Amino acid sequence: PYRVLGVGRSSSPADIKKAYKRLAREWHPDKNKDPGAEDKFIQISKAYEILSNEEKRANFDRYGDVGESQGFSQQQHRQFHRFHDGFYFDESFFHFPFNSERRDTSDEKYLLHFSHYINEIVPDSFKKPYLIKITSDWCFSCIHIEPVWKEVAQELEALGAGIGVVHAGYERRLAHHLGAHSTPTLLGLINGKITFFHNAVVRENLRQFVENLLPGNLVEKITDKNYIRFLSDWRKDNKPHVLLFDHMPVVPLLYKLIAFAYRDYLSFGYVYVGLRGTEELSSQYNINVYTPTMMIFKEHIDRPADVVQAREMKKQLIDDFLSQNKFLMVARLSSQRLFQELCPVKKSHRQRKHCVVLFTEEEEKFAEAYEAFLTFAVANTKDTLRFVHIYSNRQPEFADALLMDEEKYHRKSAVVILERRNNAGKIAYKALEEPWQGSKEDNFILLDLLDQLRTDPGLLSSETVVADLNDELAPMFLIRWFYSTLDYISDCWDSLFHSNWREMMPLLSLLFSALFILFGTVIVQAFSDSSDTRDPPPSGKEEAAAKTEKNDASFSKESNSRIPKKGFVEVTELTDINYTSNLVRLRPGHMNVVLILSNSTKTPLLQKFALEVYTFTGSSSLHFSFLSLDKHREWLEYLLEFAQDAAPIPNQYDKHFLERDYTGYVLALNGHKKYFCLFKPRRSGDEGGTLGSCEDYDALQHAEARGKSSCSPGSRSIKNKLHKLSFWMERLLEGSLQRFYIPSWPALD
């Protein structure tokens, strides 16, 4: 019953009644549509029935029962505590603490309920990270990690982290919301986002897990080189800056947790006093290197505004120190949130607070007036007064509402004393008659007004309503949109695969079905388009090729029928830069068709190569490249050694060997399976010595130069090397070509 109501054994009847009312409202079947709400409501009612009756509660505390076992002696009850459907076991013999009443009660104060988690824990996770354990009864692994969990929970709680425990048997709704479908489950919660723990449950891993939840830029490492820049950023950040001097090489977890809790108010830096390069900093502020020291700097960087030293920095000590120094001496009103904190609405006459506001601008000519106002504020600090300043050019609506856009205040500093009357923007105020110059006369006038205000609150005779202040430090819209998009994607990912993936299964099934149908249709259409553009059978091709040599018009029609929709062939040079991506790490099933050429034969061979392989560019598994024989002859000869029957290579290098002509060779390289197929070019004199004709090609490429023919016998002979390459490509796709395997691809130097 204690666990059902979420109270401890020492709770008073009033606390028990309060917990019962809260849970009864949450789990009433008429209001809660959860399938298990009725059972949960019955458990809550029975638990309250036991704990609200003093006799039943006393019997339960003494015997773990409400009346049936009073006849047993206490010793018998301890020995035979569990009784289920006609059998019992001696629980004390096995030493398994399955009995919830005999289990360690240290987790009771950490128990979470759904409404408590949503309304309190999630908002609090923006100030500190939470480590949450999901457990249940009869969980052997839960018992195994219990000692480590207890130690880590106590340690992290003392450092400032939040601890939570969810009992999956009683809080199924919360466990399901967290995405925990098995026990034990450990997870972290920070900024409302859940992260699951997947490592071994040991103390070091849990500490590191909590530390990794925190942002990485909370604490800046400070040395002699950057401390002046760090402390001088108070004007830009509008925050005091905190320095912790310690002899630990890494930033303590306690300091990171503190920095996360106060990140909206303070900027934090860490100085490792044992590091070379911090001597000037330690000497500048007279630091005791053997005692941890925390300093807070405000408008003056040459001296700290406050200092605390202790051999052991405790969280409570640091909290008290920082809570008293959250704002600058004359903070800038840069947002509505800051305005509400610095100038709160009065709740009673005794809690009345007045704000003295300096209206100024960022230009250098206003610096003297600001320094005089800062000096006055330091000398007249009181609990009922708050000195602030505001940039009129950044908050024009606020300035116009209080200064009435009077000409005497134009481009000059002014001082206004105000008091917020309500949260709707109503303000009572009084402005100094003349602009603020920081003179002694101005100081006397302001001091006299503040003295009168102590005895006569009616001095603030003017009233107005002001709009909310602009947030000057808010990021740009595009940056906010970018981060919001990232957060949304992250939330969707977490909700799909961690929190509510079981509920999302129908939607996911529908989504993947639609994608499968869509991509299936695209693939079928692609294959059908590819088959429509495929050439006639090889015999027909040979016949068409023979006709091409005799009739230019017939060749033109044949080539036009081969041209795919893409309209061009993309041929890249194979070099040492793209060698790995285009060959060595080529995806499985893909091949690179490489043409061998020289500088002198590059243009005619590439033109003929493009015409021959036009038909095959529709296949996404084929890539086309060319290799310069002048640059990479050794690489080619190494490959051809594995196909000596196709290209005999002499054993000894001689003057004739280096002159061997490999131009026109085509290699189909399979980078994944490490083999290649070889196309040996046609020699002049083969097949009756027909060299072929290239008037058809000239007509395609040089139509503008009709008076000059580029078909010399030499160019015809070069282009004729790739005759019947298209038939070889057909056999390549059929898989009927001979394959030459190599142990590994050589380097392309």
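The values are calculated or read from the model by the stated rules, or taken from the named source; none is laboratory data. Just so it is clear, the structure is predicted and the values come from calculations on it, not from any experiment. For neighbour counting, all protein chains shown are included, and Cβ atoms are generated from backbone atoms with ideal geometry for every residue, glycine included. Keep in mind that these areas ignore ligands, DNA and RNA; they rest on the heavy atoms of the full protein, side chains included. Shrake-Rupley method; radii C 1.70, N 1.55, O 1.52, S 1.80 Å.
Values as computed for the structure displayed
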{"item": "Residue that is farthest from residue 218 (Cα to Cα) [pool: residues in segment 124-155 that are over 31 Å from the mean Cα position of the chain (by Cα) and assigned to a loop (DSSP other than H, G, I, E, B)]", "result": "138"}
{"item": "Checklist (1) open to solvent by less than 60 Å² (accessible area, probe 1.4 Å); (2) of a type outside the set (A, V, I, L, M); (3) out of contact with any strand residue (DSSP E or B) (no Cβ under 8 Å at 6 or more places or on another chain) applied to residue 209, failing item", "result": "(3)"}
{"item": "Strands (runs of 3 or more DSSP E) contained in segment 378-448 and holding at least 2 residues modelled with pLDDT under 90, open to solvent by 10 Å² or more (accessible area, probe 1.4 Å) and acidic (Asp, Glu)", "result": "none"}
{"item": "First in segment 231-254 and in the same structural domain as residue 291 (by the TED database) and open to solvent by less than 40 Å² (accessible area, probe 1.4 Å), second anywhere and in a helix (DSSP H, G or I) and not aliphatic (A, V, I, L, M), Cβ under 6 Å, 6 or more apart", "result": "241/234; 244/255; 253/211"}
{"item": "Helices (runs of 4 or more DSSP H) (entirely within segment 247-339) containing at least 2 residues that are more than 25 Å from residue 373 (Cβ to Cβ) and of a type in the set (D, E, K, R)", "result": "279-284, 315-323"}
{"item": "In segment 452-471, residue least open to solvent (accessible area, probe 1.4 Å) [restricted to those that are part of a helix (DSSP H, G or I) and closer than 17 Å to residue 355 by Cβ]", "result": "453"}
{"item": "Leading residue by the ranking (farthest from residue 164 (Cα to Cα)) among those in segment 108-127 that are touching a helix residue (DSSP H, G or I) at 6+ places or on another chain (Cβ under 8 Å), of a type outside the set (Gly, Ala, Ser) and open to solvent by less than 60 Å² (accessible area, probe 1.4 Å)", "result": "114"}
{"item": "Test for residue 97: is it modelled with pLDDT of 95 or more, outside the structural domain of residue 252 (by the TED database) and surrounded by 13 or more Cβ atoms within 10 Å (Cβ to Cβ)", "result": "no"}
{"item": "Residues (touching a helix residue (DSSP H, G or I) at 6+ places or on another chain (Cβ under 8 Å) and at pLDDT below 70) located in segment 503-512", "result": "504"}
{"item": "Flag for residue 371 being part of a helix (DSSP H, G or I), open to solvent by 30 Å² or more (accessible area, probe 1.4 Å) and of a type in the set (Asp, Glu)", "result": "yes"}
{"item": "Test: residue in segment 672-687 that is part of a helix (DSSP H, G or I), over 30 Å from residue 619 (Cα atoms) and modelled with pLDDT under 50", "result": "yes"}
{"item": "Residue 358 in a helix (DSSP H, G or I) and crowded, with 18+ Cβ neighbours inside 10 Å", "result": "no"}
{"item": "Enumeration of residues in segment 5-64 that are within 17 Å of residue 113 (Cβ to Cβ), more than 42 Å from the chain's Cα centre (by Cα) and among the polar types (S, T, N, Q)", "result": "11, 45"}
{"item": "Some residue of segment 218-228 being touching a residue at least 60 places away in the same chain (Cβ under 8 Å) and either charged (D, E, K, R) or surrounded by 17 or more Cβ atoms within 10 Å (Cβ to Cβ) (or both)", "result": "no"}
{"item": "Verdict on residue 228 being over 24 Å from residue 126 (Cα atoms), touching a Leu at 6+ places or on another chain (Cβ under 9 Å) and at pLDDT below 95", "result": "no"}
{"item": "Identity of the residue in segment 6-21, in a helix (DSSP H, G or I) and farther than 16 Å from residue 56 by Cα, that ends up least open to solvent (accessible area, probe 1.4 Å)", "result": "19"}
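Conditions tested, residue by residue: (1) modelled with pLDDT of 75 or more; (2) assigned by the TED database to the domain that holds residue 392; (3) loosely packed, with under 12 Cβ neighbours inside 10 Å.
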{"residue": "478", "(1), (2), (3)": "no, no, yes"}
{"residue": "486", "(1), (2), (3)": "yes, no, yes"}
{"residue": "490", "(1), (2), (3)": "no, no, yes"}
{"residue": "498", "(1), (2), (3)": "no, no, no"}
{"residue": "514", "(1), (2), (3)": "yes, no, yes"}
{"residue": "519", "(1), (2), (3)": "yes, no, yes"}
{"residue": "522", "(1), (2), (3)": "yes, no, yes"}
